[in-house]
1. Which residue is nearest to the ligand (Cβ to nearest atom), if the candidates are limited to the range 134-162 and must be open to solvent by 10 Å² or more (accessible area, probe 1.4 Å) and hydrophobic (A, V, I, L, M, F, W, C)?
2. Restricting to the range 1-37, count the residues that are assigned to a loop (DSSP other than H, G, I, E, B) and among the aliphatic types (A, V, I, L, M).
3. With respect to the numbered conditions (1) within 12 Å of the ligand (Cβ to nearest atom); (2) touching a residue at least 60 places away in the same chain (Cβ under 8 Å); (3) buried (at least 20 other Cβ atoms within 10 Å of the Cβ), which one is the sole condition not fulfilled by Tyr54?
4. Filter the range 38-50 down to the residues that are assigned to a loop (DSSP other than H, G, I, E, B) and near the ligand (Cβ under 8 Å from one of its atoms) and list them by number.
5. Answer yes or no as to whether Leu154 is at pLDDT 95 or above, more than 29 Å from Asp247 (Cα to Cα), in the same structural domain as Val209 (by TED's automatic domain parsing) and in a helix (DSSP H, G or I).
6. Which condition from (1) open to solvent by 10 Å² or more (accessible area, probe 1.4 Å); (2) assigned to a strand (DSSP E or B); (3) under 26 Å from Leu242 (Cβ atoms) is the one that Glu123 breaks?
7. Of the conditions (1) away from the ligand (no atom under 14 Å from the Cβ); (2) in the same structural domain as Ala199 (by TED's automatic domain parsing); (3) of a type outside the set (Asp, Glu); (4) without any contact (Cβ under 8 Å) to a residue 12 or more places away in the chain, Thr28 satisfies every one except a single condition; which number is it?
Amino acid sequence: MVYDCIVLGLGGVGSAALHSAAQRGWNTLGVEQFGAVHDRGSSHGQTRIIRTAYFEHPDYVPLAQRAWEAWDKLQLETGEWLVEKTGLLQVGPPDGEVVQGVLGSAKQHGLPVEILTIAELSERFPIFKPDSTHVGVFEESAGFLRVETCVASLLKLARLAGAQIRANTEVRSYHVDDQGLISIDTNQGRLETERLIVAAGPWTQQVLVELDFHFEVIRKQQQWFQIDRVDAKYENGFPCYLFETDDGCFYGFPELDRLGIKVAEHSGGQVVVDPSKLDRNVNLQDQGRCERFLDRHLNFTKRRLVHNSTCMYTMSPDGHFVIDRHPRYENVVVAGGMSGHGFKFLPIVGQQLVDLLDGKDDPSFRFLQMAGRQC
Ligand SMILES: Cc1cc2nc3c(=O)[nH]c(=O)nc-3n(C[C@H](O)[C@H](O)[C@H](O)COP(=O)(O)OP(=O)(O)OC[C@H]3O[C@@H](n4cnc5c(N)ncnc54)[C@H](O)[C@@H]3O)c2cc1C
């Protein structure tokens with residue numbers, strides 16, 4: 001049979017695209033090389049920050065606003081707890097990329113954020129120890145997404161909308177013939193489709209070899225620590241946080257369960273040559289960097305590492321996503337190079353990929369197209 005649409009890769013982006021394509025009424029198949037909701041790509045590790053006053057670029061703000069609405073709707077549809085508003089405290093030098101970027105986006109789009117001096121910050125959140133030269137910006141409406149529950153819910157809703165899923169099926173190559181019919185070779189046989197969505201995350205360059213993307217896959221280690229502070233617990237109002245320090249950019253989440261607080265480094269990381277051979281052993285240097293950050297910027301007397309998980313960023317050269325039609329085939333679309341900040345946008349990225357296949361152009365996504373950029 002010839003499918004209306006095949007989604008290649010069922011991580012975060014692919015799950016959202018599968019849901020959107022099935023909702024569009026297309027006979028849709030999702031193909032995933034591992035199992036559904038796995039921990040070998042970029043979409044695992046309990047939590048992801050969702051925020052609107054976007055320091056990376058103000059053009060993301062309208063997309064973030066739409067994404068919030070979409071997550072709220074999905075949450076109602078699934079009855080699962082997907083998103084939680086804890087607030088987000090961003091700390092750094094007043095003229096640094098993060099603080100300047102947040103304030104710039106907030107000003108341009110009229111978003112409510114609070115600027116906190118060190119004294120105000122320490123009084124409101126006594127658990128934090130910012131540098132004396134730093135300033136805080138608090139976005140009360142920000143929060144976190146439960147990453148695995150989000151992916152599982154999108155897949156469940158996609159199935160309910162009629163999508164099929166083939167797990168443990170690795171795509172080896174694809175070919176578009178003169179009539180536009182797409183043949184896909186997998187380790188489980190050949191598939192045919194009229195439209196293809198490539199959502200292969202760190203494997204994007206291996207799937208779309210002909211496009212010669214300059215993405216860099218970076219290894220990221222997420223760590224969970226138990227610390228002796230009750231105010232670090234989610235139920236006691238601990239916010240998500242992101243610190244731009246002179247030693248790198250670190251972020252973290254409240255303690256949700258027995259694993260404790262999660263902390264990770266947004267900057268740095270090792271280049272991954274082959275995502276299928278990612279080193280999952282604990283990297284003591286990365287762990288040490290997060291421990292140093294915690295010791296320097298959080299108040300506690302005891303900490304204990306209880307868990308870690310390795311993940312991957314797929315960085316585009318300019319740190320912005322690539323969401324576009326294939327330059328040669330208008331029935332093939334791609335979302336890649338999500339550069340370590342793409343999760344919050346999933347539902348609207350899924351819709352956009354399907355809209356592109358439907359011949360629609362949404363100007364708010366233009367800054368993420370390939371034209372005029374080195375991708
Ligand atoms: C540690 C970490 C923290 C992050 N924090 C945030 C955050 O706070 N906020 C935020 O918004 N974003 C965050 N991100 C980014 C966000 O999680 C990613 O942008 C997003 O999850 C990427 O999803 P993806 O679908 O592109 O990739 P993936 O989840 O890796 O999915 C790609 C899928 O394609 C499959 N695949 C690939 N090749 C093939 C093939 N040939 N055949 C079949 N299947 C294939 C893979 O197995 C995989 O399942 C973070 C990322 C990491 C790693």
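1. It comes out as Ala152.
2. The qualifying residues number 4.
3. Every listed condition holds for Tyr54 apart from (2).
4. His38, Arg40, Gly41, Ser42, Ser43, His44, Gly45
5. Against the criterion (at pLDDT 95 or above, more than 29 Å from Asp247 (Cα to Cα), in the same structural domain as Val209 (by TED's automatic domain parsing) and in a helix (DSSP H, G or I)), Leu154 qualifies.
6. If we test Glu123 against (1) open to solvent by 10 Å² or more (accessible area, probe 1.4 Å); (2) assigned to a strand (DSSP E or B); (3) under 26 Å from Leu242 (Cβ atoms), just (2) comes out false.
7. Every condition holds for Thr28 apart from (4).
The values are calculated or read from the model by the stated rules, or taken from the named source; none is laboratory data. What you see is a predicted model, and the numbers here were worked out from it, not measured in a lab. Because the Cβ atoms are built from the backbone with ideal geometry, glycine has one as well, and the counts that use them run over all protein chains shown. Surface areas here come from the heavy atoms of the whole protein model, side chains and all, with no ligands, DNA or RNA. Shrake-Rupley method; radii C 1.70, N 1.55, O 1.52, S 1.80 Å.
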